[in-house]
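See below for the structure under consideration.
We did not get these values from a lab; they are worked out from the coordinates using the rules stated. The structure displayed is predicted, hence computed values, not measured ones. Here the Cβ positions follow ideal geometry from the backbone for every residue, glycine too, while neighbour counts run over all protein chains shown.
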Amino acid sequence: MSQPETTAPDRTLVIVKPDGVRRGLTGEVLRRVEAKGYRVVELRLLTARSEQLAAHYAEHEGKPFYGPLVEFMSSGPLVAAVVEGHGVVQGFRSLAGATDPTAAAPGTIRGDLGRDWGLKVQQNIVHGSDSAASAEREIDIWFGAGA
Ligand code: DAT
Ligand code: MG
């Protein structure tokens, strides 16, 4: 017997930032995503171009940590992934934990694996889209025709 129809799954953009890749945490982050039951549907290891970072972090332009953030995000390869599942936008934000790794709860990626290094920008291992609209915009930056 077939299952009842359900709504289509949501998508989010996850990035293992250069600190996560450098520290060998890519597998651990993807393990947590998959262990939660979400599906990795696209995956790329790349070094970000400055236009991609300007588009990705446009909302932060002008803030004191913007320059250090863009410099940090270009400091080495990152891993970008499209992750799918119902509620995945909020679900991955929950797995990631609070922006500040000192405040991030134990059990979260940032809480378990991140710390404050006394730098001008927080190095917090992962990025996750903050809304469905951000997810579509960001997926286009990293996986679209111009990526
Ligand atoms: P998030 O990544 O949790 O969505 P955000 O979009 O507000 O956080 O900021 C983007 C990144 O910039 C964040 O992951 C770490 C860094 N950052 C944010 N606020 C900061 C601050 N006040 N000082 C230093 N770095 C900061
Ligand atoms: Mg954000």
What does the net charge come to around LEU95 if you take all other residues with beta carbon closer than 13 Å to its beta carbon, with K and R at +1 and D and E at -1?
+2
Hz values of 3J(HN,Hα) by residue in region 53-66 - Karplus curve (6.51, -1.76, 1.60), Gly and Pro given as x:
5, 4, 5, 4, 10, 3, 5, 9, 4, x, 7, x, 8, 4
Which one, ALA104, PRO64, ILE139, projects farthest toward the positive side of the charge dipole computed for region 10-143 from Cβ point charges (K/R +1, D/E -1)?
ALA104
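Which of rounded, prolate, oblate describes region 59-143, given a ≥ b ≥ c as roots of the alpha-carbon gyration tensor eigenvalues and a/c under 1.5 marking rounded, otherwise prolate only if a/b is larger than b/c?
Oblate is the answer for region 59-143, as a/c is 1.5 or above yet b/c matches or exceeds a/b.
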Can you compute the charge dipole magnitude of region 1-133 about its Cα centre, using +1 on each Lys and Arg Cβ and -1 on each Asp and Glu Cβ, nothing else charged? Give it in debye, rounded to the nearest 20.
340 debye
Mean Cβ neighbour count within 10 Å, used as a protection proxy, ranking 95-102, 122-129, 76-83 highest first:
122-129, 76-83, 95-102
Note to self, the chain gives a 222 nm [θ] from helices alone (DSSP H runs n ≥ 4, -39500 (n - 2.57) apiece, / all residues, nearest 500) of -10500 deg cm²/dmol
Tell me, what is the FRET efficiency for TRP117 and ARG39 to the nearest 0.05, using R0 = 30 angstrom and their Cβ-Cβ distance as r?
0.40
Across the chain, where is the longest run that never hits GluC sites (Glu not before Pro) in a DSSP loop with at most 15 other C-beta atoms within 10 Å?
62-147
Residue-by-residue Karplus 3J(HN,Hα) for region 99-107, coefficients 6.51, -1.76, 1.60, Hz, glycine and proline x:
4, 7, x, 5, 8, 4, 5, x, x
Convex hull (Cα only) mean projected area of region 1-110, reported in nm² to one decimal
8.6 nm²
